[in-house]
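Q: Have a look at this one before I ask anything.
FYI, it's all coordinate maths here, none of it is from the lab. On a predicted model such as this, the values are computed, not experimentally measured, just so you know. Because the Cβ atoms are built from the backbone with ideal geometry, glycine has one as well, and the counts that use them run over all protein chains shown.
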Amino acid sequence: MPVTITGEEADERNQVRARIDAAIALINAHADQLDPADVNIIHNVKSITASDWLYSFIDVRTGRFNLLFSDVLNPGMSTAFLATDIAHDAYHVTQHRRGMENTPENAPLYERQANAFSMRPGKIFGLTPDELNVINSDRHTFYNPSHDPYP
Amino acid sequence: MKIISLQWFTSRALRASMCLGLLAVLLMGTTFGQTANNGQRRLVVSLITDRSIYKIGDEITLNVLLTNISSTPINLYSYLAPGESASISVWVKDEASGRDIPQTVIADSITPPPPSKDVFIKLLAKHVYGVALKSTLANFGVEKQGRYEIIAEYHSPIPSSISFGLPIWSAEDGTLSSNRVTIAVGN
């Protein structure tokens, strides 16, 4: 998988690279424990880019997963959480292939489904109970997510 | 079994542009968005774009500002990033058809559990906090000429159960929508 890092500070680039390397190594180390269907979903991520200016995103048409440096270096971002993040965004590609559109109406469901999926490999990657709790109780569980953002 | 093999490429890049800070000066002449009134705490989110006219393929900078319009401080998760599991969502609507534009480039910063209360800032009364988000129009699905309405939403990604004893603005406080900004995109 191609990984491209663009950023001004060499030290930051090296830190980001090390963390992404570690997350990929963690996924590979647990590959035999993952459900083959989940492995196929993770394979939806076709390339990883990291930059110090453009926010984190998944391009569901190409499988390009971009990580903003400050997301990778966010306090509290563990290797297991970053590995789970890759699985999470890989699932968005699956949703796109199933015909789901990411719109204001669908976005909460989109995210809930990806969170629900990512907990399965995330447990295998070693997420802590706190990390699993944050994913399981994301903000969409606290209130009715069916909202109109154009009041 | 190895399921992912890496090939690394590194290069020097573009300027860093995600900047956090007080941007009160940008509020001049801006229409405020939706206000949430949670007890004594009142917060409003505002959206300002760097321009109002763009060409297809242009970059766009969205300044998303949170203003504490109450008389008491509000503790906010300091890291403002776009994503449904993060702090900000941005949506674009085609003005002519009124249809939301589906996004195939999904902003998706994921928020890990905060390790300490250091990740929160205290936003004083009548003060502003915000982020400048840089993107391309194409990332928002804007790939043809027309007029578009943009709206930003603020939602804390942190549940009240991880507040470290601080009275934080939490995920349970719901979603706030900004003012709508209309842009024109030409060839």
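Q: For region B:20-186, what is the convex hull volume of the alpha-carbon atoms per residue, in Å³?
A: Output value, Cα hull per residue: 108 Å³.
Q: Residue B:99 versus residue A:22, label points 7 Å from Cα toward the beta carbon: distance in nm?
A: Computed distance between label sites residue B:99 and residue A:22 equals 4.5 nm.
Q: With unit charges on the beta carbons (Lys and Arg positive, Asp and Glu negative) and the dipole taken about the Cα centre of region B:34-158, which residue among B:119, B:157, B:82 sits farthest to the positive side?
A: B:119
Q: As an exercise, identify the trypsin sites (Lys or Arg not before Pro) in region A:80-118 lying in DSSP coil whose Cβ has no more than 15 other Cβ atoms within 10 Å.
A: Hits after loop and neighbour filter: A:98.
Q: In Å, the Kirkwood hydrodynamic radius of chain A over pairs of distinct alpha carbons?
A: Kirkwood hydrodynamic radius for chain A: 16.0 Å.
Q: For B:143-155, what's the mean count of beta carbons from other chains sitting within 10 Å of each residue's beta carbon?
A: The shielding value for this peptide is 1.
Q: Okay, next question. Within region A:7-68, report the trypsin sites (Lys or Arg not before Pro) that DSSP leaves as loop and that have at most 16 other Cβ atoms within 10 Å.
A: A:46, A:61
Q: Let me ask another. How large is ³J(HN,Hα), in whole Hz, for each residue of region B:172-177 in order, when computed from phi with the Karplus curve 6.51 cos²θ - 1.76 cosθ + 1.60 and θ = phi - 60°, using x for Gly and Pro?
A: Along region B:172-177, the couplings run 5, 6, x, 10, 10, 9 Hz.
Q: Let me ask something else. Ignore the peptide's own chain and count Cβ atoms of other chains within 10 Å of each Cβ in A:44-56; give me the average, rounded.
A: Average per residue, whole number: 5.
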